[in-house]
Amino acid sequence: VFGAQGNDDKIEDITPEHFGSAAEVVVTKDDCLMLEGSGDKAQIEERVDGIRGLIEETNSDYEKEKLQERLARLAGGVAVLRIGGTSEVEVGEKKDRVTDALNATRAAIEEGIVPGGGTALLRCLPVLDSVDTGNFAQTKGVEIMRKALRAPAHQIATNAQEDAAVIVDKVASASGNQGYDAYKGEFVDMLDAGIVDPTKVIRTALQDAAGVASL
């Protein structure tokens, strides 16, 4: 950066030694991606610590957002996923699964995670008991929502060839992160077992379903 906000160097004094290097640089109309940079790790860490300090000091939401973006670019990493298979159909299926996993990870980074396997939805059931319904339509709506909240856990248990009604009742009567691991056929702490859902996915699914149902 040159000028009042930069250093004292002038553009005409810049030489190739001022620039770093990278194994690969990909430039598009929207982004510039540098892979395998050869910068000094100690200097990068020092700069990262400096940015963290600026984030704590600033009172501007806009400036904080931009600093967080800069911090993510410096402290974050880039992975190249190579997907193979014995046929084009297999490759396409694997690619779709990886894409779904990446999108789920991004959603989890944004809003966190909740116990998976339909457990988080079952924990929402008690809230419906306190909903005031003024007419038959609203009462029916609450009943539909109650069935919808139980449906994912019920379907997972059904797919595992278990007694779905019994499994759902046990999970619903439990507390905290306790849920059903259909793969192992046992009740576990879902977070400890790594069975999770992105909060954003669950939230938007409920909001979108409720919005469509209210039309």
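Throughout, read-outs are computed from the coordinates displayed, never taken from laboratory work. Since the structure is predicted, the reported quantities are computational estimates derived from the model, not experimental observations. Cβ coordinates were reconstructed from backbone atoms using ideal geometry, including for glycine residues, and neighbour counts include every protein chain displayed.
Things worth noting here:
- Structure-based [θ]222 nm, the chain - -39500 (n - 2.57) summed over DSSP H runs of at least 4, per residue, nearest 500: -17000 deg cm²/dmol
- The convex hull drawn around the Cα atoms of the chain, when projected onto a plane and averaged over every direction, covers 20.8 nm².
- Rounded to the nearest Hz, the phi-derived 3J(HN,Hα) couplings of the stretch 47-52 under the Karplus curve 6.51 cos²θ - 1.76 cosθ + 1.60 (θ = phi - 60°) are 5, 4, 4, x, 5, 4, where x marks glycine and proline.
- Taken along its three principal axes, the alpha carbon spread of the stretch 62-138 comes to 55, 47, 21 Å, from the longest extent down to the shortest.
- Amide H contacts of residue 196: 116, each under 5 Å away and 5 or more positions distant or on a separate chain (H built 1.01 Å from N in the peptide plane; Pro and chain starts excluded).
- With at most 14 neighbouring Cβ atoms within 10 Å, loop trypsin sites (Lys or Arg not before Pro) (DSSP) excluded, longest segment of the chain: 83-183
- Karplus-derived HN-Hα couplings along the stretch 90-107 (A = 6.51, B = -1.76, C = 1.60, θ = phi - 60°), whole Hz, x at Gly and Pro: 5, 4, x, 5, 5, 5, 4, 5, 5, 4, 4, 5, 5, 5, 5, 5, 4, 5
- Per principal axis, descending, Cα span of the stretch 90-178 in whole Å: 52, 32, 26
- Our coupling estimate for the stretch 196-203, obtained by passing each phi through the Karplus curve with A = 6.51, B = -1.76, C = 1.60 and θ = phi - 60°, is 9, 10, x, 4, 4, 5, 5, 5 Hz, Gly and Pro reported as x.
- Annotation for the stretch 69-177: GluC sites (Glu not before Pro) lying in DSSP loop with at most 16 further Cβ atoms inside 10 Å of their Cβ are 162.
- Overall dimensions of the stretch 110-151 by Cα: Rg and Dmax, Å: 12.4, 38
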